[in-house]
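For reference, the structure discussed in these notes is given below.
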Amino acid sequence: EVAGQLLPSAGSNQFALAPSRTKTGRAILSADPHLTWEGIFAWYEFGYHTKDIRFHGVTISGLPFGVMGHSNNVAWSMTNNNPALFNFYTVKSKPDDPTMYNYHGEWKKYETVSMELKYIENGEMKSRKQSVRRTLWGPMLPLQSRCVALTMLGNWELFDEAIKMARAKDATEFRNALKIGSISMWNIVYADTKGHIGYQYNARIPHREPGIDWRKTVAGDDPKTKWGPMYTMDELPHIENPKSGILVNANSSPWLTPTDNSIKPDWPADVTTYGHTSRYDRLSKILLESSSQTVKSKKISVEDAKKRATDTMAPYGLEVVKALQAVPGLKSAMASDAMNILSKWDGKANQDTVG
């Protein structure tokens, strides 16, 4: 709910083309994060320029490294994915000793941490002290017998991972940097100057017991709800140099990304529940239709790739118009005028198609 308020209706597109699909004979990567021009998720340009790093790209305010962009060797982009990065646990205290709780069948002692919270009120910095009760899963929720466990905690090598991504000499080194596992989520598509393209479903998530609905609060005293080890990058969906020569992800399922069924589709819901999106449907269609691995004249140029990335066709829009045309009773003058405008529409969301 909070995410929906902060970033409503957001999504991103990305694709990579192998040299077999391009007129240049080199890989092409398109990064298209659909984020706002202002607010807490506004991008700004960012670069490293050192003896061993030449990176230019973008980042989010507050981060001391580039989120996506390119070095002299590798380019990469990201779209949002939806791994289950947290769990809520019901916490049962010991009846005869409220300082202890049941941790998957074992009695453990609560930890109490005193924190100083600073805030500004009427232009003046103030502070207040507050006690926070913690468990081995994480902090207790205020006024509830529940706590939250976050998968992001426990690995603090994010900066090292980001630096190694920027230093990578090729796709192999880039993916090896991702294996550090500090980046919590994202579909990552990448390409290098040697012509390799790749995709990694990146997620910092643990193995969990199957058959449990992990997207609901689970019982903390149940041994089956204890997290297993974190998935490695090799265990999660990934591919390099797919036979299709095309990688497309628009907040869509990992197995759809290679467009050639080379990633298995059966993944647990706590890994992903994504399906396809209309953006994926359109983008994968126009990339597959407009390129050929064998016919030189049908291969994609850099300019062609830019046009595909900025395509404005709304494929579901014309279907809606067709359905409206078949609805009986739309006889009013206003409805008639509206249908007249829509009937002339080419299905593209351009500035000059205001109607």
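The values are calculated or read from the model by the stated rules, or taken from the named source; none is laboratory data. Predicted, not measured: the structure shown is a model, and the values here were computed from it. We place every Cβ from the backbone using ideal geometry, glycine too, and count neighbours over all the protein chains shown. Calculation scope for accessible area: heavy atoms of the full protein, side chains included, ligands and nucleic acids excluded. Shrake-Rupley method; radii C 1.70, N 1.55, O 1.52, S 1.80 Å.
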Taking Cα atoms, how many degrees apart are the long axis of helix 333-343 and the longest axis of the chain, rounded to 10 and kept between 0 and 90?
80
When the Karplus curve 6.51 cos²θ - 1.76 cosθ + 1.60 is applied with θ = phi - 60°, which whole-Hz ³J(HN,Hα) does each residue of region 143-152 get, with x for Gly and Pro?
6, 9, 8, 9, 9, 10, 10, 10, 6, 6
When Lys and Arg each count +1 and Asp and Glu each count -1, what net charge do the other residues less than 13 Å away from Tyr119, Cβ to Cβ, add up to?
+1
With θ taken as phi - 60° and the coefficients 6.51, -1.76 and 1.60, list the Karplus ³J(HN,Hα) couplings across region 252-265 in order, rounded to whole Hz; mark glycine and proline as x.
10, 4, x, 6, 7, 4, x, 6, 9, 6, 8, 10, 5, x
Tell me, what is a quarter of the convex hull surface for the C-alpha atoms of the chain, in nm² with one decimal?
25.9
Place a point 7 Å from the Cα of Gln130 in the direction of its beta carbon; the residues of region 72-109 whose amide N falls under 15 Å from it are none
Sorting Gln293, Val320, Leu283 by the position of each Cα along the dipole of region 281-323 (Lys, Arg +1; Asp, Glu -1; all at Cβ), the one nearest the positive end of that ordering is Gln293
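Between their Cα atoms, which of Lys298/Lys348; Lys92/Lys224; Lys92/Lys226; Lys194/Lys298; Lys94/Lys129; Lys285/Lys306 are more than 19 Å away from each other?
On the way: Lys298/Lys348 24 Å; Lys92/Lys224 16 Å; Lys92/Lys226 15 Å; Lys194/Lys298 22 Å; Lys94/Lys129 27 Å; Lys285/Lys306 15 Å.
The pairs that break the limit, which is 19 Å between Cα atoms, are Lys298/Lys348; Lys194/Lys298; Lys94/Lys129.
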Run the simple label-point estimate for Met115 and His56 please: 7 Å along Cα→C-beta, distance reported in nm.
4.1
Using amide H atoms built 1.01 Å from N in the peptide plane, name the residues 5+ places from Arg204, or on other chains, whose amide H lies under 5 Å from its own.
Met185
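Assuming R0 = 45 Å, can you tell me the calculated FRET efficiency for the pair Glu235 and Val320, based on Cβ-Cβ distance, to the nearest 0.05? Write out the running numbers ahead of the final one.
Details: r = 41 Å, r/R0 = 0.91.
Plugging the Cβ-Cβ distance into 1/(1 + (r/R0)^6) gives 0.65.
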Among Val189, Pro210, Gln200, which residue has its Cα furthest toward the positive end of the charge dipole of region 177-223, with +1 on Lys/Arg Cβ and -1 on Asp/Glu Cβ?
Val189
Placing unit charges on C-beta atoms (Lys and Arg positive, Asp and Glu negative, everything else neutral), compute the dipole magnitude of the chain about its Cα centre in debye, rounded to 20.
440
If Arg21, Arg167, Arg308 are ordered by their accessible area, calculated over protein heavy atoms with a 1.4 Å probe, which sequence runs from highest to lowest?
Arg167, Arg308, Arg21
So how far apart, in nm, are the two label points at Ile341 and Thr24 if each is 7 Å from Cα heading toward Cβ?
4.1
Can you tally the net charge around His276? Count Lys and Arg as +1, Asp and Glu as -1, for every other residue whose Cβ sits under 13 Å from the Cβ of His276.
+2
Quick one: which residues, 5+ away or cross-chain, put their amide H under 5 Å from the amide H of Met68? H built at 1.01 Å from N.
Val58
In Hz, Karplus ³J(HN,Hα) per residue of region 62-68 (6.51, -1.76, 1.60; θ = phi - 60°; x = Gly, Pro)
x, 8, x, 7, x, 8, 8
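Within a Cβ distance under 10 Å of Lys164, other residues only, what is the Lys/Arg minus Asp/Glu net charge? Provide the component values of the computation, followed by the final result.
Details: positive: Arg167, Lys179; negative: Glu157, Asp160, Glu161, Glu173.
Net charge around Lys164: -2.
Sort 187-197, 278-288 for me by packing, meaning the mean count of neighbouring Cβ atoms within 10 Å per residue, highest on top. Don't skip to the end; give the middle numbers.
Working: 187-197: 22.8, 278-288: 19.7.
The most tightly packed comes first, giving 187-197, 278-288.
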Given the options Thr59, Leu117, Pro98, identify the residue whose Cα lies farthest towards the positive end of the charge dipole of region 39-140 (+1 on Cβ of Lys, Arg; -1 on Cβ of Asp, Glu).
Pro98
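Work out how much length Phe159 to His49 would gain on full extension: take 0.36 nm times their residue separation and subtract the Cα-Cα distance, in nm to one decimal. Write out the running numbers ahead of the final one.
Working: separation 110, 0.36 × 110 = 39.60 nm, distance 1.62 nm.
So the extension gain works out to 38.0 nm.
Restricting to the chain, compute how many DSSP beta bridges are antiparallel as a %, nearest 5.
95
As a check on your grasp of the helix formula, calculate [θ] at 222 nm for the chain: sum -39500 (n - 2.57) over DSSP H runs of n ≥ 4, divide by the residue count, round to the nearest 500.
It comes out at -5000 deg cm²/dmol, rounded to the nearest 500.
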Computed accessible area, Met152, all protein chains, 1.4 angstrom probe, square angstrom:
80
Quick query: amide H of Ile300 versus all other amide H atoms, modeled in the peptide plane; which residues come in under 5 Å with a sequence gap of 5 or more or a different chain?
Thr22, Lys23, Ser292
Distance from the Cα centre of region 92-148 to that of region 239-307, in angstrom?
46
